[in-house]
Each structure stands twice: as C-alpha cells, then as structure tokens.
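The values are calculated or read from the model by the stated rules, or taken from the named source; none is laboratory data. Note that this is a predicted model, so its numbers are computed, not measured. Note that we place each Cβ from the backbone using ideal geometry, even for glycine, and neighbour counts take in every protein chain shown.
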Amino acid sequence: MNTSVGGAGRLLWAALRALIVLTLLAGVIYPLAVTGIGQGLFSDRANGSRIEEDGRVVGSRLIGQRYELPLKKGEDTPRPDLRWFQPRPANGLGTNSVNTQYALILSGATNRSGDNPELLRWVEEARAAVVRDNSTPRYRVDPARVPADAVTSSGSGLDPDISPAYARLQVHRVAEHNGLPVGRVAQLVARHTDGRVLGFLGEPRVNVLELNVALREMTGG
C-alpha cells in the first residue's frame, strides 16, 4: 500500500514539474522571445503594418478599406466617394448576425462558381459602375479594358491592393474631382506601384490606402 501511494506521489510530482517547466517554456519564455525578435527586427509588421497620417493611425497596409459617401435618406448602399481611388469590390464581406452587440464586419469569399448567374450579374453591374463612375467629359472608359480586379472581390473581401491597370483607369476621374492635372495623378500612381516580390513572385500592385494618403497630401485635403 505504501509503495502504491509513494509511486502515485512520484508520478504526480513528475507531472507537476513537467507542467511548470512547459508552462515557463511555452507560456512565458517562448512568447517573450518571439515578441522581442518581432519588435526588434520587424517592428512595423509586428504592430500591424500601420499607416499614419498627421501623427494618427489611419489604417493598415494589409487591410483594405472603403471610400464611400455617407448614406442618404432612402439609400441602402453607400455610393463611392469619387475623389479617392477605389479598392476592389467587397461582395465577400458579410455582417455580424450572431452577436449584434458589436458592429463587426465578417470577411470571406463569395463562394460562387465562374458560371453562377448571380456572380455574372455582379460582374456586369460592377463593370457598368466602373465605366460610369470613371468616365469624364474628356475621357471615356472602354468596357473591354476594365480589369478583372475592378469587378471581382478577393477571397477575403479585404484586399488592400489593386492592379496598376485599375489604378490607372481611375486617374482621370480622380484628377477631375480634385482639380489636379491628369499627368500629376498618373505620376502619383506610378510612384506607388510595387513590382513583383523578389522580381518574380506575385503581380505588380498598388496599395489603395497608401495611394490615397499620398493623394490627400497632394491636395492638402
């Protein structure tokens, strides 16, 4: 009996020591080490890749955001604010219907097949809106030249980047609404166009938030 109790005690003490050691290693030392390395070597990324304007955080370069006008009476969907470069459509976004105490946005893909009638309708409506919104008295958008990312959402609905082609398509409209020369806005887009990672990974892209922050600085707005 004493041997059995002693054996059980040794097992419990061994388990307790393992718990203490693993808690210290996995719950204290490892998180502190990873946090220290992240803050020391990758401080910007570790803190959310935040973008600041006039000393305040306006967003993250990793998360897309909308540029829309306030809803008017009788409107269900806000209209885009045409002074600013617009991101990709966000059909994959949903609303929080589980815990309505918090105003949360739920991201995700549209989960529609390429020949789904609803998706085709979304694309046609988005293309018509792009042509309408970005055409000016001196510049007419060719529907055949509207890029795919202008009419389809990303897998998350929160893509922060657009293609250079979509950014250039918006140049005339942005220039007109801000009273700027078209060439100057085109140069702004060129300066904020990032190439492929390491020269061969991914596609060239333009971060919409960074571009609009630079546009605000240019207009003084």
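Say we look at segment 152-179 and pick out the residues that are of a type in the set (D, E) and within 12 Å of R205 (Cβ to Cβ); which of these is surrounded by the fewest Cβ atoms within 10 Å (Cβ to Cβ)?
D159
Can you report the number of residues in segment 45-89 which are under 22 Å from E217 (Cα atoms) and either part of a helix (DSSP H, G or I) or in contact (Cβ under 8 Å) with a residue 60 or more places away in the chain (or both)? Please lay out each step first, then the result.
Going residue by residue through segment 45-89, those that are under 22 Å from E217 (Cα atoms) are 49-69, 80-87.
Remaining after also requiring either part of a helix (DSSP H, G or I) or in contact (Cβ under 8 Å) with a residue 60 or more places away in the chain (or both): 51, 53, 58-65, 67, 82-87.
Qualifying residue count, segment 45-89: 17.
Looking at G7, G38, can you tell me which residue is in contact with a helix residue (DSSP H, G or I) (Cβ under 7 Å, 6 or more places away or on another chain) and either closer than 27 Å to S154 by Cβ or surrounded by 10 or more Cβ atoms within 10 Å (Cβ to Cβ) (or both)?
Answer to the selection: G38.
Name every residue in segment 131-147 that is of a type outside the set (A, V, I, L, M) and in contact with a Phe, Trp or Tyr (Cβ under 9 Å, 6 or more places away or on another chain), in order of residue number.
Of everything in segment 131-147, just one residue is of a type outside the set (A, V, I, L, M) and in contact with a Phe, Trp or Tyr (Cβ under 9 Å, 6 or more places away or on another chain), namely P147.
Looking at segment 194-210, is at least one residue within 16 Å of G64 (Cβ to Cβ), part of a helix (DSSP H, G or I) and over 16 Å from the mean Cα position of the chain (by Cα)?
no
Condition first: over 30 Å from R168 (Cβ atoms), at pLDDT below 90, out of contact with any strand residue (DSSP E or B) (no Cβ under 8 Å at 6 or more places or on another chain) and surrounded by 12 or more Cβ atoms within 10 Å (Cβ to Cβ). Can you find one or more residues in segment 92-103 that meet it?
no
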